[in-house]
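What follows is a single structure, written as structure tokens, with notes after it.
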Amino acid sequence: MLIIMRILIATGIYPPDVGGPAQYALNVEKVWKSLGHQVDAKTFRLERKMPAGLRHVFYFFKCLPKATRADFIFILDTWSAALPAVLLGWLFRKKIIIRVGGDFLWESYLERTGDLLPLPRFYEKRPRLNFKERIISRLTGFVLRRASRLAFNSDWQRNIMIPAYGLNPEKTSIVLNFFGEKLPFTPPACQSLSEAKAGRPAAKNFIFAARAIKLKNTDNLRRAFAEAKKKDPSLSLDERLTSHEKLFERLASCYAVILPSVSEVSPNLILDALRFSKPFILTRECGLYETLKGVGLFVDPLSVSDITEKILMLADAKTYKHYQIKARRFSFAHSWEEIAEEFLALAKRT
């Protein structure tokens, strides 16, 4: 017998916003509603124009009516939506499940200082933080420790965060990210089907679709690409940031995808690329390294020469064909239906 649950989704972003949490919120909401559950998603809108603190208070009262009636609160960040949502859950004794995606403290430090510390190194080194970052660190610890259940994308991420914030391992779980089914293969632009089968693309356009923030390592990527183009002028880098739908159109006909971020917890761009069987270059400071290390090329994000070398490797027709076959053969799938059911199961046993 299906037990109807009332669920509040607390998220900082939601479509038409672009980003992983936005897609996550939309898709689990669709599945839960299709199963008959009562679901309300609350996101930041007017709050974005408010200063920190005031926006959290405003969001707290926006979520208040739904939180009082919810069976559990599902939170998709660890700061913006999380702080007011966790306070609501704590006050009204609601189950709180946080899907731990990125790391706001680490992102803030990198953005302020330009000190490109990979995520594991950041917590090992414990660099000097300013006053605002120390507040974020303390409140992030408060949020994480008061959750009923924390869901991480990978053991890599969980093993970083447990000692960093003194978390109880028994209150943590792994819920893998979305791995979509394969989509129809499309040859890269200007490439005939016969050339595609032979592994000889005519246009070597790499897609790099990422926010303009320090952790995405854009400067090192541009330097590496400039060096690679000296040896292969046919290379091009597509840095446009578009809607999810338009990105899919570009992925369908691109040559390859590159994401040499300082660290990536769960690189959705790469998972989308694999749906189109596209070869990729990815940072090895990544939660999916163990899953994908035999499928694509990995780089040291702080080494421009390593990034350059891997770009030129993938520009080679023989190497490209090798990784194109690897990408086509990668068939693991983890649907939104499975993800939504896993979170429901966590809620029921928490």
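Over segment 193-329, what number does the Rg to Rh ratio reach, with both radii from the alpha-carbon atoms and Rh per Kirkwood? Using Cα coordinates only, the ratio equals 0.92. Exposure proxy shown here: for Phe208, Phe60, Phe131, the number of other Cβ atoms within 10 Å sets the order, fewest to most, as Phe131, Phe60, Phe208. Put in line by how crowded their Cβ is, counting other Cβ atoms within 10 Å and starting with the fewest, Phe280, Phe298 read Phe298, Phe280.
Each of Asp272, Asp300 has some number of other Cβ atoms within 10 Å of its Cβ, and from fewest to most they run Asp300, Asp272. When only Cα pairs below 8 angstrom with a gap of at least 6 residues are kept, the chain shows a relative contact order of 16 percent. Segment 16-44 and segment 113-144 have their alpha-carbon centroids 29 Å apart.
How high is the relative contact order of segment 193-329, in percent, with contacts defined as C-alpha pairs under 8 Å that are six or more residues apart? Computed over segment 193-329, the figure is 28 percent. The aspartates and glutamates whose alpha-carbon is closer than 18 Å to the alpha-carbon of Lys204, local same-chain residues fewer than 8 away aside, are Glu195, Glu227, Asp232, Asp238, Glu239, Glu249, Glu309, Asp316. Given the pairs Lys231/Lys310; Lys66/Lys171; Lys125/Lys171; Lys62/Lys95; Lys231/Lys318, which are separated by over 22 angstrom at their Cα positions? Over 22 Å Cα-Cα: Lys66/Lys171; Lys125/Lys171.
Extension gain, Ile174-Thr113: 0.36 nm per intervening residue step, less the Cα-Cα distance, totals 18.8 nm. Charges were assigned to the Cβ only: +1 to each Lys and Arg, -1 to each Asp and Glu. The resulting dipole of segment 193-329 about its Cα centre is roughly 360 debye. The charge dipole of the chain, taken about the Cα centre with unit charges on the Cβ atoms of Lys, Arg (+1) and Asp, Glu (-1), comes to about 620 debye, rounded to the nearest 20. From most to least packed by mean Cβ count within 10 Å, the peptides 171-178, 93-100 give 93-100, 171-178. Report the one residue of Ala52, Pro16, Ile3 whose Cα lies farthest in the direction of the positive end of the charge dipole of segment 1-60 (charges on C-beta: Lys and Arg +1, Asp and Glu -1; origin at the Cα centre). Result: Ala52.
Just so you know, all these numbers are worked out from the coordinates, no wet-lab data involved. A quick note: this is a predicted structure, and the numbers were derived from the prediction, not measured. As a convention, Cβ positions derive from the backbone with ideal geometry for all residues, glycine included, and neighbour counts pool all protein chains shown.
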